[in-house]
Amino acid sequence: MDKQLLLIIFLSSPLLGALIAGLSGRRIGDKASMAVTTGLLFLSCALAWNTFYQVTWGSWSERFTVELLPFINVGDFQSAWSIRVDTLSAVMGIVVTTVSALVHLYSWGYMSDDPDKPRFFAYLSLFTFAMLMLVNAADFMQLFFGWEGVGLASYLLIGFWFKKPTAGAAAIKAFVVNRVGDFGFALGIMTVFWMFHTIRFETLFPLIAAKAGTTWHFAAWNFSALDLAGFFLFIGAMGKSAQFFLHTWLPDAMEGPTPVSALIHAATMVTAGVYMVCLLSPLYEYAPNARGVIILIGAVTSLFAATVGMMQNDIKRVIAYSTCSQLGYMFFAAGVGAYQSAMFHLFTHAFFKALLFLGAGSVIHAMHHEQDMRKMGGLWKYIKITFVAMTIGNIAITGLGIPFVDWGFAGFYSKDSMLGVAFAAGATQPLGYFAWVVGVFVAGLTSYYSWRLAFFTFNGHARWGHDAHDAHGHDDHASHAQVETHGEPDAGHDDHGHGHGDHKPHESPWTMLVPLIVLSIGAIASGFAFVHYFVGSGQEAFWKGAIFTGANNHVLEQSEHLPVWVGLAPLTAAILGLLVAAYVYLWREGLGAKLAARGGPLYTFFYNKWYFDELYQVVFVNGAKALGDVFWKQGDQKTIDGLGPNGVSWLMGQFGKGLGRLQTGYIYTYAFVMLIGVAGLVTFALMAWVR
């Protein structure tokens, strides 16, 4: 089959499924809608893997672009609907379609009781289509279209249960925060077009080197034009990828169904910012100040999210903050110039983070839609497949492995690669050392909260059903239950709005377990299977120019010659985190509750998420309301209306009242006025005659 036709089917299949389920779902029924969308997604997934194979090892050895339809033609601003095919888009294609296809299958079981399944599956497919448009874009206009498309689909999916006030509020919050980032993204696109008079990537990238050092004069300052463009574009990435300052929407987005969390907020949409930075490597290689900002924001984000994740009780929110932290790793790796390492972790992260989210969904399903870890415990005996899958995911995300044999699960390879390049970059970019120190420390925190989740959920005393009453007799455990509620209302929200009661936990159906098994294989094997191609000696032949590195960028090569202790540091931190979590939640069960009971400023600070929500409420929400009140009451009511229509109306009213006083209704009053008028006319005539 012609490759152009294959690519068209690959891109359009999710859109076709979304249209069928969205427009005809009620007519064809739930099962037909689910079958059509899921079948078309698996078709798209198969074509994506075929594209990946053809681009990397097959006959499509050269990068190429397929133009489909004209879009915008206004002067120099030329844009067409196109499909860009290179290694970068092919990698993202398999990530998006693989996770999406498995999420569609998983949703057959998870959403089995939901009355709006056609709408849900239509939204999932619409999101996948928008994401594919984004990753295969050949210019900034199509990239922006896909960027906004995934934002719209995310809004619809987060607020899918629109009757829940918290879901609606979370959807609006995600939409508004992302608009802030998208404003910066649009400014970046405008800056690029102002400099180069083109938005088409294959035309733009060769022109960038000649513009290095170009400045933009504004007021009394001169800005590096490429740094300015890179900074504005990164603001868009901050919003979409939930980086520090624009991160507040991601944890609240857990109000959506768990499959949404796995698809959008773990493996695909939130990685769009990382992908965009790697795609624009020809720009960022000549924008060192913008890359410095990326390193700093990425490192701070990884630290912030890890500290907050340690204190969460909602199983999905722990994983959500973990996502935020891992994205920070990817950004500082891209910031030091190791775009290949960032993409490698993006690739491996998709498998183990989707696995953890779907595993959490299986736990929630087993607990009859309970998400609060304080009401779990001892589950490994009841949901053994889910337990094994989440254990694999934990090993992968924490980067545990065998160092001198150089073997481990996915995160062992990709996380070590990112930390290694950060240390190597420190010789020329001091922020590289900062990122490395933060990254190693965060590796320990990641291990702690990941294993805390595992031990808290699957081990220890049962804190559900009848066993919960027996467990409360244990002093440490009772203290634990009391303290873990410190600072927030008891019993977090749940997916469907009802708790588990005394029902016995049960394993999920096979439609949910099969995706867990497939993702477990990816979490185990994706690291050692692809490390050679992504960041190893075969990386040049693998990427084939899809990622650009400057002549002075040698961080990947230098990371291969680091001292042994540099490579052992993150593994040591991960082991320490595991041991601390095991001591607190297994060997001395209840110790965590006693420590938390003491509170303290640091605990309170982390528990309340660094008070960002409260700060934004005061500064932006209340500030915007106060500013609106000023414009409304002082500007509109008192100034515009007061001096305008209301003022004129008041004056005319006063004038009318004055005239009204003369209309007394008495004849002698009117005769007196007439007499005064006659006297006035006579006086005027006499004065005119005398003159």
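The values are calculated or read from the model by the stated rules, or taken from the named source; none is laboratory data. Computed from a predicted structure; not experimentally measured. Note that each Cβ is placed from the backbone with ideal geometry, even for glycine, and that neighbours are counted across all protein chains shown. Ligands, DNA and RNA are stripped out before the accessible areas are found, and what is left, the full protein with its side chains, is counted by its heavy atoms. Shrake-Rupley method; radii C 1.70, N 1.55, O 1.52, S 1.80 Å.
Below is a table of values for the structure above.
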| item | result |
| --- | --- |
| Rounded accessible area per residue of region 590-664, 1.4 Å, Å² | 73 Å² |
| In degrees, nearest ten, helix 410-425 long axis to first principal axis of the chain (Cα) | 70 degrees |
| Accessible carbon and sulfur surface of the chain relative to its total accessible area, %, 1.4 Å | 68 percent |
| Leading residue at positive end of dipole, the chain (Cβ point charges), from 326, 516, 213 | 213 |
| Contour excess over end-to-end distance, with Cα ends at residue 562 and residue 72 and 0.36 nm allotted per residue | 171.4 nm |
| Label point distance in nm, residue 604-residue 27, each placed 7 Å from Cα along Cα→Cβ | 6.1 nm |
| Where Rh is the Kirkwood radius over Cα pairs, Rg/Rh for region 1-130 | 1.05 |
| Dipole in debye (nearest 20) - region 1-91, about Cα centre, beta carbon charges: Lys, Arg +1; Asp, Glu -1 | 400 debye |
| Residue-normalised accessible area of region 88-179, given per residue in Å² at a 1.4 Å probe | 26 Å² |
| Contour excess over end-to-end distance, with Cα ends at residue 528 and residue 64 and 0.36 nm allotted per residue | 164.1 nm |
| Gain in span if fully extended, residue 215 to residue 433, counting 0.36 nm per residue against the direct Cα distance | 75.6 nm |
| Length-normalised contact order for the chain - Cα pairs under 8 Å, 6+ apart - percent | 13 percent |
| DSSP bridge orientation in the chain - percent antiparallel, rounded to nearest 5 | 100 percent |
| For region 574-579, 3J(HN,Hα) per residue [Karplus equation, 6.51 cos²θ - 1.76 cosθ + 1.60, θ = phi - 60°, Hz, x = Gly/Pro] | 5, 5, 4, x, 4, 5 |
| For region 555-611 versus region 263-311, the gap between their alpha-carbon centres in whole angstrom | 22 Å |
| In degrees, nearest ten, helix 288-309 long axis to first principal axis of the chain (Cα) | 80 degrees |
| Region 155-222: trypsin sites (Lys or Arg not before Pro) in DSSP coil with no more than 14 other Cβ atoms inside 10 Å | 163 |
| Approximate spin-label separation residue 46-residue 541, in nm, with each point projected 7 Å along Cα-to-Cβ | 3.0 nm |
| Test item: Cα-centred dipole of the chain, Lys/Arg +1 and Asp/Glu -1 on Cβ, debye | 1320 debye |
| Cα lying deepest toward the dipole's positive end in region 1-152, options 61, 123, 23, charges on Cβ | 23 |
| Computed magnitude of the charge dipole of region 302-452 (debye, nearest 20; Cβ of K, R +1, Cβ of D, E -1) | 380 debye |
| Within straight-line cross-link reach of residue 633, lysines at Cα separation under 23 Å, skipping those fewer than 8 residues along the same chain | 625 |
| Whole-Hz ³J(HN,Hα) from phi, Karplus 6.51 cos²θ - 1.76 cosθ + 1.60, for region 247-256, glycine and proline x | 9, 5, 6, 5, x, 5, 5, 5, 5, x |
| Pairwise label distance in nanometres, residue 179 with residue 588, each label 7 Å out on the Cα-Cβ vector | 5.0 nm |
| Helix axis angle, 315-335 relative to the chain longest principal axis, alpha carbon, degrees | 90 degrees |
| Theoretical FRET efficiency, 1/(1+(r/R0)^6), r = Cβ-Cβ of residue 651 and residue 207, R0 51 Å, to 0.05 | 0.20 |
| Cross-link pairs beyond the 23 Å C-alpha cut-off, checked among 316/609; 375/594; 3/544 | none |
| Helical contribution to [θ] at 222 nm, DSSP H n ≥ 4, -39,500 (n - 2.57), averaged over the chain, rounded to 500 | -21500 deg cm²/dmol |
| Cα-derived Rg over Rh, computed across the chain with Rh taken as Kirkwood radius | 1.14 |
